[in-house]
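Peer 1: The structure that follows is given in the form of structure tokens.
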Amino acid sequence: MVEELHKRGFGKLRIIPSLAPTGMAWRCSFINETKENRFIASNWIAQHENENSKAAIKLTTQELADLFIKENFEFINHCKGENEEYEKWYSEMLA
């Protein structure tokens with residue numbers, strides 16, 4: 001979904017993956033380029049999972065991006081703009 005958000009002009013969006021204190025789950029936070037705004041993305045996605053959190057997410061990356069923008073407009077607006085170096089690194093990391 002982050003790569004899709006980058007494509008839509010939110011290139012200043014960055015991710016911070018981490019482990020929960022228990023070590024039993026991943027967490028993912030989003031920050032903007034200046035690190036002034038932070039959003040806990042793993043909590044957001046958990047709200048949209050069904051009862052079985054191990055089931056595949058049924059929404060496409062485009063649908064998730066649409067939903068994220070709609071529900072988190074204030075945060076995502078802080079991420080508008082380009083960061084070609086980070087966007088390239090992120091895209092290559094996914095490949």
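Peer 1: If you take the residues of the stretch 5-14 that are charged (D, E, K, R) and either assigned to a strand (DSSP E or B) or surrounded by 18 or more Cβ atoms within 10 Å (Cβ to Cβ) (or both), which of them is nearest to the chain's Cα centre (by Cα)?
Peer 2: 14
Peer 1: Which of the residues spanning the stretch 15-26 are surrounded by 11 or more Cβ atoms within 10 Å (Cβ to Cβ) and modelled with pLDDT under 90?
Peer 2: Result: 25, single match.
Peer 1: Kindly indicate whether residue 44 is of a type in the set (Phe, Trp, Tyr), within 11 Å of the chain's Cα centre (by Cα) and at pLDDT below 95.
Peer 2: yes
Peer 1: Tell me, please, whether a residue that is free of Cβ contacts under 8 Å to residues at least 12 places away in the same chain, within 20 Å of residue 60 (Cα to Cα) and part of a helix (DSSP H, G or I) can be found in the stretch 34-41.
Peer 2: Looking through the stretch 34-41, none of the residues is free of Cβ contacts under 8 Å to residues at least 12 places away in the same chain, within 20 Å of residue 60 (Cα to Cα) and part of a helix (DSSP H, G or I).
Peer 1: Would you say residue 87 is of a type in the set (D, E, K, R), within 13 Å of residue 8 (Cβ to Cβ), touching a residue at least 60 places away in the same chain (Cβ under 8 Å) and touching a helix residue (DSSP H, G or I) at 6+ places or on another chain (Cβ under 8 Å)?
Peer 2: It is true that residue 87 is of a type in the set (D, E, K, R), within 13 Å of residue 8 (Cβ to Cβ), touching a residue at least 60 places away in the same chain (Cβ under 8 Å) and touching a helix residue (DSSP H, G or I) at 6+ places or on another chain (Cβ under 8 Å).
Peer 1: Could you pull out the residue among 45, 57, 76 that is part of a loop (DSSP other than H, G, I, E, B), of a type in the set (A, V, I, L, M) and touching a helix residue (DSSP H, G or I) at 6+ places or on another chain (Cβ under 9 Å)?
Peer 2: 57
Peer 1: Follow-up question, since we're still on this one. For residue 30, state whether it is surrounded by 11 or more Cβ atoms within 10 Å (Cβ to Cβ) and not aliphatic (A, V, I, L, M).
Peer 2: Considered against the rule, which asks whether it is surrounded by 11 or more Cβ atoms within 10 Å (Cβ to Cβ) and not aliphatic (A, V, I, L, M), residue 30 comes out as yes.
The values are calculated or read from the model by the stated rules, or taken from the named source; none is laboratory data. All values derive from a computational prediction rather than experimental measurement. Using ideal geometry, Cβ is built from the backbone for each residue, glycine included, and neighbour counts are taken over all protein chains shown.
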